[in-house]
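Where a number appears in this text, it was derived from the coordinates with a stated rule and is not lab data. It should be emphasised that the depicted structure is a prediction, and the values quoted were computed from it without experimental measurement. A quick note on method: Cβ atoms are made from the backbone with ideal geometry, for glycine too, and the neighbour counts reach across all protein chains shown.
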Amino acid sequence: MDPISSLVILAGGASSRMKKEAAQQEGLSAEDIKQANERSKGLIGVGQQGRPLLDYVLYNAKKAGYTKIYIVIGENGQLFREFYGSGKSGGVFHGMEIYFATQYVPKDRVKPFGTADALYQTTEQFPELNTRRYSVCNSDNLYSVEAFKALRNTEEPNVFIAYDRDAMEFPEERISRFALVKLNEKGYLMDIMEKPEADQIDAYKDAMGKLRVSMNAFTFDGVKMAPYLKNCPIHPQRNEKELPTALLNMLGAYPETAIGIPLSEHVPDLTAKEDIVDVKNYLEKHYPILDWEESLKNG
């Protein structure tokens, strides 16, 4: 199979946790707080010259070889266009074609309808995605070049990055809230368990004795996933249509077609205001310069 060229970046969420008051304000500037309250998480200025985290996601995606980027924005997502392109077709950003899909909120809701709905609306607006394999990730997580290459160069129909939970540099209480993935002996996804009880955890260890979590980094077979995105049921607690639900339903019809690629590394995350300073420090240490020209050569 040819390497995948298309990456869908989910950026249309309500960012409700980011807009909550920070438990501790140390290191947060007034501008940080203002942007956290007003912008989508991926657009908060945490990088060089106040550039957003999404620049760094795109930088790593470019280095991995993606050429077509579909950014899913909300109905008030004009700032994304100011950063990355003016029209629906966006334009070109450092050699990548940028397209915008809008996640519209149903009239009977005040918030978007979840990640599966975001991807479904994207495939409705760009139906070519339903004819090919494509990758999906969040706008507020910084995935490595290695992770993107694993998603892009896979021979499997569907894959996700199965992160080693012990490698995550988050407080233990936060890590304990991550959903665990269950893989069979061949590494194929069997189940996803949210908020596992302590006595259930051992059953989710993989062949290497590791607990694995998903950070919403996927590659999907667009042909097989299309009906499961369209018909994704609503999560009974969160009242949203979620990608893991659609994926598990697809696997009910096509078992052993989604493999977990094990990776052991931290994934910087912008969920709440408390994360802003940590992400700034991480970027300053690991990305002192964004050399887009070098990225273009490597891509």
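Could you give the distance between the Cα centres of the range 224-299 and the range 1-77, to the whole Å? Their Cα centres are 12 Å away from one another. Reported value for the range 1-81: 124 Å³ per residue, from the convex hull of its C-alpha atoms. Take the Cβ atoms of R51 and K19, set R0 to 25 Å, and the FRET efficiency comes out at 0.70. Scoring 147-154, 73-80, 281-288, 114-121 by mean Cβ neighbours within 10 Å over their residues and listing the highest first yields 114-121, 147-154, 73-80, 281-288.
With a cut-off of 19 Å on the backbone N, the residues of the range 112-143 near the modelled label site 7 Å out from I234 along Cα-Cβ are 112-121. Is the shape of the chain rounded, prolate or oblate, going by the alpha carbon gyration tensor and its root eigenvalues a ≥ b ≥ c, with a/c under 1.5 for rounded and a/b larger than b/c for prolate? Verdict is rounded for the chain. In the calculated pair-distance distribution of the range 40-136, the portion above 21 angstrom amounts to 35 percent of the Cα-Cα pairs.
Packing here is the average count of other Cβ atoms within 10 Å per residue, and on that basis the peptides 239-245, 106-112, 53-59, highest first, run 53-59, 239-245, 106-112. Shown here for the range 1-46: GluC sites (Glu not before Pro) in loop regions (DSSP other than H, G, I, E, B) with at most 11 other Cβ atoms within 10 Å, namely E21, E26. Based on the alpha-carbon gyration tensor of the range 130-270 and its eigenvalue square roots a ≥ b ≥ c, which shape applies: rounded if a/c is under 1.5, prolate if not and a/b is larger than b/c, or oblate? Here the range 130-270 falls in the rounded category.
Here is the list for the range 171-202: trypsin sites (Lys or Arg not before Pro) lying in DSSP coil, each with at most 13 other C-beta atoms within 10 angstrom of its C-beta, are R177, K186. Averaging the sequence gap over all C-alpha pairs within less than 8 Å and six or more residues apart, then dividing by the number of residues, gives the range 6-298 a relative contact order of 25 percent. Packing around the peptides 158-167, 226-235, taken as the average count of other Cβ atoms within 10 Å per residue, puts them in this order, highest first: 158-167, 226-235.
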